[in-house]
Structures are given as structure tokens and as C-alpha cells.
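Novice: Mind looking over this structure? Questions follow.
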Amino acid sequence: MKKGITLLTITVIAICLAMVSSAPESPPYTVVHSQSDFEIRLYGTSVWMSAPALDISFEKASWDGFHRLFQFTEGANLNFSRIPMTVPVLTTTVPGAGPLKSQGYYVSLYLPVKFQGNPPLPLPELNIRPYEFTTHCVAVRKFSGFANDERIVKEAEKLATSLSRSPWAQSKTRRGYSIAQYNTPIRIVNRKNEVWVDIDAPQLGCESVGISTY
């Protein structure tokens, strides 16, 4: 037990140091619509690394997926390349029985510009792979605090309510949603999280395509 706790502590410390050592890169986007409770962003095409995490708990799935992605960035790839940490860590639901329920997740990390054209291949045992985040629009609701299983459902419901009262009430391109987390585990205050929902908004210049899935 002590050994497990020690390894977990070392991993958390390493993650925190990697994320605070320099300003991390993020996928570029343009805000094409903004109002008090949500905004719509247009993201360009980019390459991410994705880890499937079939777990009933958002928190456990996020940790499991990110832990494998972190190993990849630390050199667990066929090139033995060290890859700078980026933000956000994006945990996407695999839709289940209801619009805000899920049967599993996949956890994704944006690759820095240096590696966009030629992503290092992860070690097979990590069970992660690159995928293309194709150009599309995302409706985004921001929230603070820690993203846990209960909180993310409430925030996703709030975003769904906001969209239902907007011109994009019927614009969702798929069921499910993503949670974007931007902070290290040790940060307590002023935490930044977001709920993302893919939408089709041609009047804003958004193409009706979505994120590539597993």
C-alpha cells in the first residue's frame, strides 16, 4: 500500500511540475459567438492523442486516461521523445442510455505544434493513438472548482438548457459532451474547467463535422 501511495504521489508531483514549468500550448480557436452563460468557438483541424477509458466514473476514467497519456509525453513512445504538456485535458463521454449518461470515456491531449505533422507512435501497451480533431464549432460553458462526477452532469445540463433557448437549439451534432480541465491537481482556487458540446452552426462559419471518435 505504501509503495502504491508513493508511486501515485510521485506521478502527481511530476504532472504538476510538467504543467507549471512553462506556459502550456493549447489548440487555437476563434470565438464566433459569445453571451453571458456560454460561447461558441471555431476550432481548426489539429492532431490529439486519445486514450479510451471504459469506466463508470468520470474521475477514475480521467485519471486512468491521463496517466497513460502522461507516460507517452514522458517518453513512452517509439521515438523516445519528450513532449511538452498541453492544455486542456479533454474527457469525452461515450453516450449511453440518456443524453447526459455515459458508458465510457476517452481522454485526449492536444499535441504541441512541433509534433502536429509527425506524431510519435505510443508504446502499444499504453493503448492510446493519435486522431484528427477536424474543423468544427464547440459550444462552451465555463465553470470553476473541481470537475467530479456529480458536478459535470449539472454543468452539462446547464449548457443544454442554454442551448435550448438559443438559435442553436437543434444544432448538436452528436449526443454526449466533453469536459476540458486546465489545472494541475494541486491547484485549489481559481480552477478553470469547461463543458464542450459539438454543434453545427453554418451561419457562424462552422462546418457540420465533429470530433473523430474511437
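The values are calculated or read from the model by the stated rules, or taken from the named source; none is laboratory data. Being a predicted model, the structure only gives us computed values, none of them experimental. With ideal geometry, Cβ positions are generated from the backbone for all residues, glycine too; neighbour counts draw on all protein chains shown.
Novice: Which condition number in (1) in a strand (DSSP E or B); (2) touching a Leu at 6+ places or on another chain (Cβ under 7 Å); (3) at pLDDT 95 or above is the one that L90 fails?
Specialist: It fails just one condition, (2).
Novice: Return the residue satisfying two criteria in turn: it lies in segment 143-165 and is of a type outside the set (A, V, I, L, M, F, W, C) and in contact (Cβ under 8 Å) with a residue 60 or more places away in the chain, and of such residues it is nearest to V31 (Cα to Cα).
Specialist: Step by step, filter segment 143-165, then rank; the result is S162.
Novice: So which residues in segment 42-65 are of a type in the set (A, V, I, L, M, F, W, C), surrounded by fewer than 22 Cβ atoms within 10 Å (Cβ to Cβ) and either modelled with pLDDT under 90 or out of contact with any Phe, Trp or Tyr (no Cβ under 8 Å at 6 or more places or on another chain) (or both), if there are any at all?
Specialist: Within segment 42-65, L54, I56, W63 qualify.
Novice: May I ask you to list the residues in segment 133-168 that are in contact with a strand residue (DSSP E or B) (Cβ under 6 Å, 6 or more places away or on another chain) and within 24 Å of Q71 (Cβ to Cβ)?
Specialist: Residues satisfying the conditions are F133, A147.
Novice: Then there's this: Test P130 against the criterion of being part of a strand (DSSP E or B) and not hydrophobic (A, V, I, L, M, F, W, C), and give yes or no.
Specialist: yes
Novice: Return the total of residues in segment 175-190 being under 25 Å from P52 (Cα atoms) and among the basic types (K, R).
Specialist: 1
Novice: May I ask you to verify whether S208 is of a type in the set (S, T, N, Q), surrounded by 18 or more Cβ atoms within 10 Å (Cβ to Cβ) and either more than 15 Å from the chain's Cα centre (by Cα) or at pLDDT below 90 (or both)?
Specialist: no
Novice: Moving to a separate point now. Find the residue count for segment 166-195, including only residues that are surrounded by fewer than 18 Cβ atoms within 10 Å (Cβ to Cβ), over 17 Å from Y29 (Cβ atoms) and of a type outside the set (D, E, K, R).
Specialist: Going through segment 166-195 one residue at a time, the tally reaches 10.
Novice: If only one of R141, R68, R151, R82 is within 28 Å of R187 (Cβ to Cβ), assigned to a loop (DSSP other than H, G, I, E, B) and among the charged types (D, E, K, R), which one is it?
Specialist: R82
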